[in-house]
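The values are calculated or read from the model by the stated rules, or taken from the named source; none is laboratory data. These numbers come from a predicted model, not from an experiment. Surface areas here come from the heavy atoms of the whole protein model, side chains and all, with no ligands, DNA or RNA. Shrake-Rupley method; radii C 1.70, N 1.55, O 1.52, S 1.80 Å.
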Amino acid sequence: MSEFETGLPSVRLIQSYIKDKEQVEIKLLTGDLLAGRIFWQDHSCICLLDPSETQILISRPAIAYLKPNP
């Protein structure tokens, strides 16, 4: 298992979204579009809280893009 690299810019940016409880939009490679706020991340997954506070576990390789949602 690879170590989680907290020094990477992408990891730090996602950590700032978590800290600030910022709303994000995540598009998956399947074309699905998810919105909510990131609850936590690890080296293989991101946990998104949708508007109803349901936790959605997303595999990092499944993500096409992630961006702040104004």
Value of relative contact order over the chain, rounded to a whole percent, pairs C-alpha under 8 Å and six or more apart = 29 percent
Accessible area of residue 21, 1.4 Å probe, to the nearest 10 Å²?
-> 130 Å²
Going from most exposed to least, what order do 39, 4 have by accessible area with a 1.4 Å probe?
-> 39, 4
